[in-house]
């Protein structure tokens, strides 16, 4: 059994997340992906005992800054992923642990998106877990550069979210 380590930090004071619940659900999502997509993911072929990732909850000013500094995009984002393992051609396993990387989520963008798309009747927790599941797909090496890849990612997210009893948004 693989140990999953999820570390969170919330620097967005307007939303007091239940970080224990976020960690629990993120672990469940990642377990689902590893079980279902393991052979297709960046983990395939590697021996490891644990997988680690970080999630930072912030505001869109921070994602704007990160986008500008690391992606040469001068705009805020709802989510940014730093896929350390998937994006490194010299992938390494240190002390039987794979560091997948970091997911950065702008919670003000989550709230803004829910308020803007009232017709979709989703709540901020649904949107949050949609973004977390999306970030996990990126950390596992899945991208969506074309419509076929996008459809695959979204369909896998639907299934993963269903596994933790969240409807697809």
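The values are calculated or read from the model by the stated rules, or taken from the named source; none is laboratory data. In this text, all values refer to a predicted model and were calculated from it rather than measured experimentally. All Cβ positions, glycine included, derive from the backbone under ideal geometry; neighbour counts span all protein chains shown.
Could you tell me which residue of the stretch 131-153 is surrounded by the fewest Cβ atoms within 10 Å (Cβ to Cβ), considering only residues that are out of contact with any strand residue (DSSP E or B) (no Cβ under 8 Å at 6 or more places or on another chain) and either in contact (Cβ under 8 Å) with a residue 60 or more places away in the chain or not in a helix (DSSP H, G or I) (or both)?
In this case the residue turns out to be 145.
May I ask you to list the residues in the stretch 22-36 that are under 25 Å from residue 110 (Cβ atoms) and touching a helix residue (DSSP H, G or I) at 6+ places or on another chain (Cβ under 9 Å)?
Scanning the stretch 22-36 gives 22, 25, 26, 28, 29, 30, 31, 32, 33.
Go through the residues of the stretch 113-123 one by one and say whether even a single one is within 28 Å of residue 61 (Cβ to Cβ), touching a strand residue (DSSP E or B) at 6+ places or on another chain (Cβ under 9 Å) and without any contact (Cβ under 8 Å) to a residue 60 or more places away in the chain.
There is no residue in the stretch 113-123 that is within 28 Å of residue 61 (Cβ to Cβ), touching a strand residue (DSSP E or B) at 6+ places or on another chain (Cβ under 9 Å) and without any contact (Cβ under 8 Å) to a residue 60 or more places away in the chain.
Among the numbered criteria (1) in contact (Cβ under 8 Å) with a residue 24 or more places away in the chain; (2) in contact with a helix residue (DSSP H, G or I) (Cβ under 9 Å, 6 or more places away or on another chain), which single criterion is violated by residue 44?
Result: residue 44 fails condition (1) only.
Please pick out the residue among 14, 9, 39 that is farther than 14 Å from residue 136 by Cα and in contact with a helix residue (DSSP H, G or I) (Cβ under 8 Å, 6 or more places away or on another chain).
Working: 9 fails: in contact with a helix residue (DSSP H, G or I) (Cβ under 8 Å, 6 or more places away or on another chain); 39 fails: in contact with a helix residue (DSSP H, G or I) (Cβ under 8 Å, 6 or more places away or on another chain).
Result: 14 is the single residue among 14, 9, 39 that is farther than 14 Å from residue 136 by Cα and in contact with a helix residue (DSSP H, G or I) (Cβ under 8 Å, 6 or more places away or on another chain).
Would you call residue 55 at pLDDT 95 or above and either assigned to a loop (DSSP other than H, G, I, E, B) or within 19 Å of residue 163 (Cα to Cα) (or both)?
So residue 55 fails the test.
Name the residues in the stretch 83-101 that are buried (at least 19 other Cβ atoms within 10 Å of the Cβ) and either out of contact with any strand residue (DSSP E or B) (no Cβ under 9 Å at 6 or more places or on another chain) or outside any loop (DSSP other than H, G, I, E, B) (or both), would you?
Matches in the stretch 83-101: 83, 98, 100, 101.
Yes/no per residue for (1) surrounded by fewer than 19 Cβ atoms within 10 Å (Cβ to Cβ); (2) at negative phi; (3) out of contact with any strand residue (DSSP E or B) (no Cβ under 6 Å at 6 or more places or on another chain):
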residue: 13; (1), (2), (3): yes, yes, yes
residue: 27; (1), (2), (3): yes, yes, no
residue: 41; (1), (2), (3): no, yes, yes
residue: 45; (1), (2), (3): yes, no, yes
residue: 56; (1), (2), (3): no, yes, no
residue: 61; (1), (2), (3): yes, yes, yes
residue: 107; (1), (2), (3): no, yes, no
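Has the stretch 73-81 got at least one residue that is exposed (fewer than 12 other Cβ atoms within 10 Å of the Cβ) and closer than 20 Å to residue 5 by Cβ? Don't jump to the end; show me each part of the working.
As a first pass, look at the stretch 73-81 and keep what is exposed (fewer than 12 other Cβ atoms within 10 Å of the Cβ): 74-75.
Of the ones still in play, those that are also closer than 20 Å to residue 5 by Cβ are none.
Within the stretch 73-81, none of the residues are exposed (fewer than 12 other Cβ atoms within 10 Å of the Cβ) and closer than 20 Å to residue 5 by Cβ.
Assess whether residue 156 counts as being modelled with pLDDT of 90 or more, out of contact with any helix residue (DSSP H, G or I) (no Cβ under 6 Å at 6 or more places or on another chain), in a helix (DSSP H, G or I) and within 18 Å of residue 40 (Cα to Cα).
Answer is yes for this residue.
One line per residue, one yes/no per condition, for (1) over 17 Å from residue 43 (Cβ atoms); (2) touching a helix residue (DSSP H, G or I) at 6+ places or on another chain (Cβ under 8 Å); (3) modelled with pLDDT under 95:
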residue	(1), (2), (3)
87	no, no, yes
114	yes, yes, yes
119	yes, no, yes
123	yes, yes, yes
139	no, no, no
